[in-house]
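> I have a structure I would like to understand better, so I am pasting it below and will then ask my questions one at a time.
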Amino acid sequence: MFLEKIAESFRIGNLEIHWYAICILIGVVLAVWLGLREAKRLGIGSDIIYVGVLITVPIAIVGARLWYVLFNLDTFHNFGEVLGFRGGKFQGLSGLAIQGGVIFALVTVYIYCKKRQVPLYIIIDLVAPGFLIGQICGRWGNFFNQELYGPIIQNPSFIKAFPFIADQMYISANGITAYRHPVFLYESLLNLCGFAFMLIARRKIKILESGDLMGVYLFWYGVVRIPCEILRLNSGVTSDPLMLGPIPVSIATAILFIILGISFLILKRTLFTKFAKRRLYQDILENVKENHIDTLIFDLDGTLLDTRSLIDHSFIETFRHFRPDYVLSDEELDSFFGPTLQTSFSRYSDDPKEIEEMIKYYREYNLAHHDEMVMAFKGARELLKTLAHKRGYRIGIVSSKKKDLVVHGLEFCGMDDYVDVILGSEEVTNPKPDPEGILKALAELNAIDMDLDDSDKRKRMPRDEEEYKKHSLYIGDNKADIEAAKAAGIRSCGVLYIKHPEIMLDAAPDFVINKLSELLSICGE
């Protein structure tokens, strides 16, 4: 048969790759892809999704296996069989119960959201359709394994119209070979209807609240599962089911899911309001759309480039030349980060000519030793590449250094191709914390045609000053950076990987990050 020939191609050595596993894998990939698309619309970063999937999927598989084992203990003779070993060889986990997978996954998602401080309702709105996708694909795994079928079809003409399905449903059992009801297909198609309803609800049902889709999923799961399970149990092949009083455990679990789904939808509108604010799904989408970030302006030293060693040595050598008897303290070296050279050296000299000479000496030493002491912070180049080339963000640099040194640093670290606008110290009259540099960079960035495709015309539309401020973010490492952003009327982000972040935190930035890649979450990527 055709299916048997295909099955033979899925062997690696002595290990047979089961169709069920392949179908589940396809379901996971599709669910993640869909989740990423919707996560961006909801303002959730892609890293939140990827890490969550890597944690949740293995735990869900373990939960599905444990649930199956728990209710089929009589078929296992030792712990090795629970792990998939039979006859001393790994035969795969032939037996997973979706109920256990869902329960373990939901508990994991709850803990993950608490740890990462991510809105639980928004995440379960992403997870619920993914569950249905997994079940839709998983049922086709049952098809390839000739599982999940019902009683004999008395008039098999309708199934014979689909030979591909009919061949797998022509089953010999209890001495009878006949066409049987494709319960796997019924459940798969009904779940597809539920999935389509969720997609429509997210866009069309105005009263849908954040988190409601999980209640819808639990209810839908139970309603679909009960008739399908009744058909399966009446196949005449299935062994006596585990009972909970007069009700099979599988059906009792489905009823429980229905009750939980309805209860969740009611309680989240009454008792749960103490723990999570009620928000309409459409309001969240609109809020993210109105407040999305598409313009990023960075400070350079201490934010994108690790120049600490170079700056310290440049000041030390400058003072060694002009003040050979003066030893700079660590506190003084820290204070040089942020202010201009003019401001820093003016604290030690009243002679304008000497100050200019000190600045010149500093810059000559700094440039001469730049390449041996400077490096990009981890992930800086990859971040800019992702934001600029792959996502079409406008990128700017506003630095207290001269522009030629800024350009050299970016070129040396391979980041110059990703920056649209660069402003150095000589291009502004008033340095940070004055907002002049940021405002000038914003005006130049907003005037750039990013040559985006037709699917993103919203970003290419001309915007007034207040509009582009709303979609801009400044990232820096010191107090002056944050104060300048606030004075410019845009949101600010402070980096915490600097030596003394508490000074920067005094300015109360809108966001803080421990590593540059976390910017993707703020941007909703």
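> Before we move on, is Y68 over 27 Å from the mean Cα position of the chain (by Cα), modelled with pLDDT of 75 or more and assigned by TED's automatic domain parsing to the domain that holds V107? Give the steps one after another, and end with the answer.
Numbers: over 27 Å from the mean Cα position of the chain (by Cα): yes; modelled with pLDDT of 75 or more: yes; assigned by TED's automatic domain parsing to the domain that holds V107: yes.
Spelling it out, Y68 is indeed over 27 Å from the mean Cα position of the chain (by Cα), modelled with pLDDT of 75 or more and assigned by TED's automatic domain parsing to the domain that holds V107.
> In addition: Of everything in the stretch 200-209, what is closer than 24 Å to G27 by Cα and surrounded by 14 or more Cβ atoms within 10 Å (Cβ to Cβ)? Give them in sequence order.
Answer for the stretch 200-209, where residues must be closer than 24 Å to G27 by Cα and surrounded by 14 or more Cβ atoms within 10 Å (Cβ to Cβ): A201, R202.
> Would a scan of the stretch 298-309 turn up a residue that is among the aliphatic types (A, V, I, L, M) and in a helix (DSSP H, G or I)? Full working, then the answer.
Here is the first cut: in the stretch 298-309, the ones among the aliphatic types (A, V, I, L, M) are 300, 304-305.
So of that shortlist, the ones also in a helix (DSSP H, G or I) come out as none.
Checked against the condition, which is being among the aliphatic types (A, V, I, L, M) and in a helix (DSSP H, G or I), the stretch 298-309 yields no hits at all.
> Scan (1) modelled with pLDDT under 90; (2) in contact with a His (Cβ under 9 Å, 6 or more places away or on another chain) for the single condition M373 breaks and write down its number.
(1)
> Further question: Which numbered condition trips up I123, out of (1) part of a loop (DSSP other than H, G, I, E, B); (2) within 30 Å of I522 (Cβ to Cβ)?
The number of the failed condition is (1).
> If K277 meets every condition in (1) in the same structural domain as R41 (by TED's automatic domain parsing); (2) in contact (Cβ under 8 Å) with a residue 60 or more places away in the chain apart from one, which number is that one?
Here K277 meets the rest and fails (2).
> Return the only residue of S472, S521 being of a type outside the set (A, V, I, L, M, F, W, C) and surrounded by 22 or more Cβ atoms within 10 Å (Cβ to Cβ).
Among S472, S521, only S472 is of a type outside the set (A, V, I, L, M, F, W, C) and surrounded by 22 or more Cβ atoms within 10 Å (Cβ to Cβ).
> Another one. Looking at the stretch 47-84, which of its residues are farther than 28 Å from L34 by Cα, surrounded by 13 or more Cβ atoms within 10 Å (Cβ to Cβ) and of a type in the set (S, T, N, Q)?
Matches in the stretch 47-84: N72 only.
> Among the helices (runs of 4 or more DSSP H) contained in the stretch 325-375, which hold 3 or more residues that are free of Cβ contacts under 8 Å to residues at least 40 places away in the same chain and out of contact with any Cys (no Cβ under 9 Å at 6 or more places or on another chain)?
330-335, 341-346, 352-368
So that you can scan it fast, the table gives a plain yes or no per residue for (1) closer than 22 Å to E382 by Cβ; (2) under 21 Å from the mean Cα position of the chain (by Cα); (3) in the same structural domain as L439 (by TED's automatic domain parsing); (4) of a type in the set (G, A, S):
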site	(1), (2), (3), (4)
Y474	yes, no, yes, no
G489	no, no, yes, yes
Y497	yes, no, yes, no
H500	no, no, yes, no
D506	no, no, yes, no
P509	no, no, yes, no
E518	yes, yes, yes, no
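> To continue, here is another question. Can you pull out every residue in the stretch 290-324 that is in contact (Cβ under 8 Å) with a residue 60 or more places away in the chain and charged (D, E, K, R)? Outline the logic, then answer.
Looking only at the stretch 290-324, we keep the residues that are in contact (Cβ under 8 Å) with a residue 60 or more places away in the chain, and these are 290-310, 313.
Once the filter is applied, which keeps residues that are in contact (Cβ under 8 Å) with a residue 60 or more places away in the chain and charged (D, E, K, R), the stretch 290-324 yields E290, D294, D299, D301, D306, R308.
> Taking the residues in the stretch 210-239 that are among the hydroxyl-bearing types (S, T, Y) and touching a residue at least 24 places away in the same chain (Cβ under 8 Å) as candidates, determine which candidate is surrounded by the most Cβ atoms within 10 Å (Cβ to Cβ). Step through it out loud before you land on a result.
Narrowing the stretch 210-239 to residues among the hydroxyl-bearing types (S, T, Y): 210, 217, 221, 235, 238-239.
Subset that is touching a residue at least 24 places away in the same chain (Cβ under 8 Å): 210, 217, 221, 235.
Details: S210: 24, Y217: 27, Y221: 25, S235: 18.
Checked the stretch 210-239; the qualifying residue surrounded by the most Cβ atoms within 10 Å (Cβ to Cβ) is Y217.
> Please find, among S314, S309, the residue that is touching a helix residue (DSSP H, G or I) at 6+ places or on another chain (Cβ under 8 Å), exposed (fewer than 15 other Cβ atoms within 10 Å of the Cβ) and within 30 Å of M375 (Cα to Cα). Please lay out each step first, then the result.
Numbers: S314 fails: exposed (fewer than 15 other Cβ atoms within 10 Å of the Cβ).
Being touching a helix residue (DSSP H, G or I) at 6+ places or on another chain (Cβ under 8 Å), exposed (fewer than 15 other Cβ atoms within 10 Å of the Cβ) and within 30 Å of M375 (Cα to Cα) holds for just one of S314, S309, which is S309.
> Select from the stretch 422-439 the residues that are outside any loop (DSSP other than H, G, I, E, B) and without any contact (Cβ under 8 Å) to a residue 40 or more places away in the chain and write down the one among them that is surrounded by the fewest Cβ atoms within 10 Å (Cβ to Cβ).
Among them, the one singled out is E426.
> Follow-up question, since we're still on this one. Out of all the residues in the stretch 34-56, which are over 11 Å from the mean Cα position of the chain (by Cα) and farther than 16 Å from C113 by Cβ?
If the condition is that a residue be over 11 Å from the mean Cα position of the chain (by Cα) and farther than 16 Å from C113 by Cβ, then L34, R41 are the ones that fit.
> From the list I230, I200, exactly one residue is within 26 Å of K268 (Cβ to Cβ) and hydrophobic (A, V, I, L, M, F, W, C). Which is it? It would help to see each step written out before you state the result.
Working: I230 fails: within 26 Å of K268 (Cβ to Cβ).
Matching residue, one of I230, I200: I200.
> Has the stretch 178-186 got any residue that is surrounded by fewer than 16 Cβ atoms within 10 Å (Cβ to Cβ), in a loop (DSSP other than H, G, I, E, B) and either touching a Lys or Arg at 6+ places or on another chain (Cβ under 6 Å) or at negative phi (or both)? Please lay out each step first, then the result.
Here is the first cut: in the stretch 178-186, the residues surrounded by fewer than 16 Cβ atoms within 10 Å (Cβ to Cβ) are 178.
Restricting the remaining residues to those that are in a loop (DSSP other than H, G, I, E, B) gives none.
Checked against the condition, which is being surrounded by fewer than 16 Cβ atoms within 10 Å (Cβ to Cβ), in a loop (DSSP other than H, G, I, E, B) and either touching a Lys or Arg at 6+ places or on another chain (Cβ under 6 Å) or at negative phi (or both), the stretch 178-186 yields no hits at all.
> How many residues are assigned to a loop (DSSP other than H, G, I, E, B), farther than 14 Å from A380 by Cβ and within 27 Å of the chain's Cα centre (by Cα) when one looks only at the stretch 391-421?
Residues in the stretch 391-421 being assigned to a loop (DSSP other than H, G, I, E, B), farther than 14 Å from A380 by Cβ and within 27 Å of the chain's Cα centre (by Cα): 4 in total.
The values are calculated or read from the model by the stated rules, or taken from the named source; none is laboratory data. Everything numeric in this text was worked out from a predicted model, so none of it was measured. Glycine also receives a Cβ, built like all others from the backbone with ideal geometry; neighbour counts cover every protein chain displayed.
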